[in-house]
Amino acid sequence: MVAWIFRVIWGVSWRIGLVVGIIIAGAVIYTATTLPPVSELVDGRARGSVTLLDRSGQVFAWRGDQFGGMIDAQTVSPHLHNAVVATEDKRFYRHFGISPRGVASAIRINMREGRGPLEGNGGSTITQQTAKLLCLGTPYDPETWESEAEYEADCRRTTLARKVREAIYAMAMEVSYSKEDILTIYLNRAYLGAGTRGFEAAAQRYFGISANEVNPSQAAILAGLLKAPTTYAPTNNLQRSWDRANVVIGLMEDQGYLTAAQARDARDNPAGLSAAAAARAGGYFADWVMDSGPEFFTRNTTEDVIIRTTLDPRIQSAAEEALIWVFENKVREGSEAQAAIVVMSADGAVRAMVGGRNTQASGAFNRATQALRQTGSLFKPFVYATALELGMSPNDIVVDEPFCMTVPGSGEWCPSNYSRDFSGAVTLTEALTRSLNIPAVKVSEQVGRDNVRTIAEGFGVQSDLAAGPSLALGVSESTLIEMTGAYAGILNGGSSVTPYGLVELRLQGDDVPLMGTGGGIGERVIREDAARQLTWMMHNVVQNGTGQRARVDGWQIAGKTGTTQAARDAWFIGFTGDYVAGVWMGYDNNTPLTGVTGSGLPAEIWHETMTRVLTGMQPVPLPMQAPPEPVRAAPVNGGGQQGRDPIVDLLNAILGGGN
């Protein structure tokens, strides 16, 4: 009876097994016939990448999904080849796509740790992992999936049915491809952190070299990323990456890929990051360039794009170091105040940008380009630019005295100086040097607010400018980059400037750029002699007035401070013969600063930045011109027609300005 039962069970079992085997074999063979050539599977990205180069052509940032190009398992660095096999599948060359021993071991570990048999460790071979990376041959379809992330999450789903399909697909790959072909696909498709797809992109991203050239310590870091790419990314935590690499080195030694001496050398000399990866410089600048470029070639590109920019890494480092130094040495501990810096050339080419105290941030709120804040006295140079353009002189007299005027719809308005006192008759130069409010309002009313707005807008201040007399005191809002660009127009002799960071955009592999510079010097706004006289007046601000803390020994500096109502914003923008630099300081929630004005910490940040920038450079004189004419007898009164220069009236009529 026992023998009979055994024969029945065996007879049924081998027949069922045979049928199942035939079905599986048929599924494997059919799937194998549908697999495309290896070359079509190495780059499975749904979107492209953007590589950003600085002004000298060196890579400083990456965006999107980076793919460095196809590598081959047979020609890649043998250290990397061996590190991946040792870490992920030591029996890779001895199985046929699946490893029953590995699956059994994974189930045992999962059950022992209180998880389900398919939860946690999967016991997947490299072939199975590759099948999963290929999503079992299902391509990404934007019409089916809401996002690429949702598609990838579904591909990683673990169910019994999916595991069976994965095993069939893996065996089909073993039928169609060689082991080296499968490993080639794996090396090119694996995600390795920081937006890198494949080991070539990762080697370039972290070490600045090809995956064909990595040494054992670098190979160990790269192979270690496969377990948890974001966690072990060396740009996130280098020590944690080294610790994981030591585990990989141990596996390579145990499996005979490294001698004891080679393993010891790899542990004693851990891989360091490339200069670009270590610096993580220009994150705010890179974000700004990405936002300012065409969306289909930047944020949503499906191509691999190369963008050459205006960034100067030396100046960028100077700005970052200066900001950190001032906050560590001049700002009370625990302060949540923020600051931003922009440095550009006179033509608007942005050389450095820091959008906040976290100088290495990426994708963060950029206070240099996104924060609209009142400008305060920073706006006054445009009032005096208008006066100079209309024929007035820096030596003309304006009376600083109690002053009130009626504003339609608001009643009587009486501006006051920051010091709450009055200086009597002062020249326009002295009024700007000491940042007196009443003279600025009087001059603005004398030359016409519409003219002041026209000049300011001509220089690039595009924000909505106030209509009332407080226009002269900077009650309108603007951004740091906009105001710095406007000051660049003063430096270059009175022509408008559009700040820009993108120099050239081309597709990877192409020599001909698709687009070029999107900014630079535009139309003339004021006469060159007016711009030179204004520069002379602003030089006096730094030499004798509110901007003295910005002085740099041996250099001519021109600039202007700005402090808004209740000290919610503090500014300093200044320039040498070569560069314009702007600094803003304040709180994100608009809380008033305590004991800070534009003449204080912003001027000090400017000084620290430019001292570092100018080190080793030959001083370049400012393009300035002292006023030739003597003091005029008739003062600017700002209240009506009395005391107006006939030249002002004539030019005012031509420009269409008025009060």
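The values are calculated or read from the model by the stated rules, or taken from the named source; none is laboratory data. In this text, all values refer to a predicted model and were calculated from it rather than measured experimentally. Neighbour counts are summed over all protein chains in view; Cβ atoms, including those assigned to glycine, are modelled from backbone coordinates with ideal geometry.
Results, tabulated for the structure shown:
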quantity	calculated
Tabulated pairs, the stretch 382-395, first of a type in the set (G, A, S), second part of a helix (DSSP H, G or I) and surrounded by 23 or more Cβ atoms within 10 Å (Cβ to Cβ), C-beta under 6 angstrom, 6+ apart or interchain	A385/I455; A385/L534; A387/V443; A387/V447
In the stretch 550-582, the residues that are aliphatic (A, V, I, L, M), touching a Leu at 6+ places or on another chain (Cβ under 8 Å) and not in a loop (DSSP other than H, G, I, E, B)	A558, A567, A570, I573, V580
Every pair of residues 6+ apart whose Cβ atoms lie under 8 Å, when the first sits in the stretch 260-283 and is in contact (Cβ under 8 Å) with a residue 60 or more places away in the chain while the second is part of a helix (DSSP H, G or I) and of a type in the set (D, E)	A281/E320
Qualifying residue in the stretch 364-380 (condition: under 19 Å from V50 (Cα atoms) and not β-branched (V, I, T))	yes
Single unsatisfied condition, N300 versus (1) polar (S, T, N, Q); (2) surrounded by fewer than 17 Cβ atoms within 10 Å (Cβ to Cβ); (3) touching a Pro at 6+ places or on another chain (Cβ under 9 Å)	(3)
Single condition W14 does not satisfy, out of (1) within 18 Å of A201 (Cα to Cα); (2) at pLDDT below 85; (3) of a type in the set (F, W, Y)	(1)
Options A3, A32; residue that is in contact (Cβ under 8 Å) with a residue 60 or more places away in the chain, out of contact with any Leu (no Cβ under 7 Å at 6 or more places or on another chain), in a helix (DSSP H, G or I) and among the small types (G, A, S)	A32
Test: residue in the stretch 539-547 that is closer than 30 Å to S416 by Cα, in a strand (DSSP E or B) and modelled with pLDDT of 95 or more	no
Residue within the stretch 191-203 that is among the basic types (K, R) and loosely packed, with under 15 Cβ neighbours inside 10 Å present	no
Residue within the stretch 553-573 that is surrounded by 18 or more Cβ atoms within 10 Å (Cβ to Cβ), more than 29 Å from N366 (Cβ to Cβ) and among the basic types (K, R) present	no
Among the candidates R264, R314, R240, residue that is within 28 Å of Q338 (Cα to Cα) and among the basic types (K, R)	R314
Sole residue being among the aliphatic types (A, V, I, L, M) and assigned to a loop (DSSP other than H, G, I, E, B), chosen from A371, A387	A371
Set L473, L491, L480, L534: member being modelled with pLDDT of 95 or more and farther than 30 Å from G293 by Cα	L534
Scan of the stretch 188-203 for residues that are outside any helix (DSSP H, G or I), farther than 17 Å from F60 by Cβ, in contact (Cβ under 8 Å) with a residue 40 or more places away in the chain and not hydrophobic (A, V, I, L, M, F, W, C), ordered by number	G193, R197, G198
Among residues of the stretch 237-294, those that are within 30 Å of R506 (Cβ to Cβ) and assigned to a loop (DSSP other than H, G, I, E, B), counted	7
Yes/no for I341 being of a type in the set (A, V, I, L, M, F, W, C), in a strand (DSSP E or B) and buried (at least 19 other Cβ atoms within 10 Å of the Cβ)	yes
Matching residues, the stretch 64-104, being in contact with a His (Cβ under 9 Å, 6 or more places away or on another chain), loosely packed, with under 15 Cβ neighbours inside 10 Å and in a loop (DSSP other than H, G, I, E, B)	Q74
